[in-house]
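A.B. asks: I have a structure here, written as structure tokens, and I will follow up with some questions on it.
The values are calculated or read from the model by the stated rules, or taken from the named source; none is laboratory data. All values reported here derive from a predicted model rather than from experimental measurement. Heads up, the Cβs are rebuilt from the backbone with ideal geometry, glycines too, and the neighbour counts pull from every protein chain shown.
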Amino acid sequence: MDWDLGQLRALAAAVDLGTLDAAARTLHVTPSAVSQRIKALEQQTGAVLLHRDRPVHPTPAGEPLVRLARQVDALTADATRHLVAARTPRVTLAVNGDSLTTWVLPALAPLAADVAIEIVREDQDVTAELLRDGRAMAAVTTQARPVQGCTAEPLGTMRYRPLATPAFVDRWFAAGVDDASLAAAPVVVFDADDRLQDRWLRARGVDPAVPLRHLVPASADFATAVRLGWGWGMLPAQQSGDDEAAGRLVPLAGDDGIDVPLHWQQWSLRTAALDAVADHVRTAARGALT
């Protein structure tokens with residue numbers, strides 16, 4: 001099937017900006033022209049591609065075409081970079097906060113002068129969704145099965161253990177770590193998508209809704225809240241090693257924890273910039289993950 005690039009860009013702009021009027025301003029055409037291009041694309045595919053709410057959003061049939069439009073733009077930018085030296089390639093990467101803080105940012109530092117890298121921070125269990133709708137070109141994710149139009153490969157495992165300050169343990173777990181003490185002790189949670197603490201509590205027969213919960217949605221600040229004694233939280237060794245060595249944090253239950261396998265997924269449509277990002281991520285993961 002032959003695709004009209006103007007129609008694809010109109011669809012993607014409407015989804016990105018939320019309205020046909022905003023898409024028209026960005027594309028320097030009239031709202032009527034945007035609407036006509038999307039309707040023509042719908043006639044070609046024989047499917048409704050947009051839910052015309054406010055904001056508009058793609059139907060299941062529209063999602064792969066939005067992704068296609070973004071892939072075409074990425075390939076165009078990559079080709080232009082070889083023709084016009086001033087054009088910098090861009091890679092949008094979805095990555096979980098802990099990986100971002102501990103090993104991904106250092107891994108990508110050598111590319112900072114040559115590639116415009118846009119980081120989208122999301123929980124590792126949901127980063128693949130950004131690939132699915134085309135908002136990310138690559139992702140560090142727990143999902144091993146490739147998203148349609150992507151490749152996937154294992155990176156390694158991050159191990160999370162429940163940690164707290166010695167003073168916190170003395171106050172809340174003086175009689176030991178059991179269902180009663182876990183139900184009473186405050187817990188620090190990253191955000192609404194963070195399931196690690198919930199999984200660890202459920203494995204011990206504790207309803208995660210019972211303990212007092214603190215939401216701290218930034219990886220470094222999450223660790224700081226645990227160090228300050230707000231509550232206990234699941235931290236990876238990459239983030240807690242120095243604190244444990246210094247005695248500032250101690251595990252609640254020895255080496256008992258949760259292993260989180262991470263995978264690298266990226267568009268099958270490759271660009272030189274995306275390949276460079278992938279190579280640096282793979283190399284760093286070999287040194288940072290188990």
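A.B. asks: Could you look through the range 5-56, keep only residues that are touching an Asp or Glu at 6+ places or on another chain (Cβ under 9 Å) and outside any helix (DSSP H, G or I), and pick out the one that is farthest from T76 (Cα to Cα)?
C.D. replies: The qualifying residue farthest from T76 (Cα to Cα) is V48.
A.B. asks: Ok, one more. So which strands (runs of 3 or more DSSP E) stay within the range 194-290 end to end and still have 1 or more residues that are touching a residue at least 40 places away in the same chain (Cβ under 8 Å) and exposed (fewer than 13 other Cβ atoms within 10 Å of the Cβ)?
C.D. replies: Fully inside the range 194-290 and qualifying: 258-267.
A.B. asks: Also: Which of the following residues is of a type in the set (S, T, Y), touching a Ser or Thr at 6+ places or on another chain (Cβ under 9 Å), at pLDDT below 90 and within 26 Å of A276 (Cα to Cα): T88, T101?
C.D. replies: T101
A.B. asks: Among residues belonging to the range 1-58 that are surrounded by 14 or more Cβ atoms within 10 Å (Cβ to Cβ) and touching a His at 6+ places or on another chain (Cβ under 8 Å), point out the one that is nearest to A69 (Cα to Cα).
C.D. replies: V15
A.B. asks: Residue check: is D179 in contact with a Gly (Cβ under 9 Å, 6 or more places away or on another chain) and within 18 Å of S99 (Cα to Cα)?
C.D. replies: No, not satisfied.
A.B. asks: What helices (runs of 4 or more DSSP H) lie completely within the range 89-183 and have 1 or more residues being of a type in the set (S, T, Y)?
C.D. replies: Correct list: 127-132.
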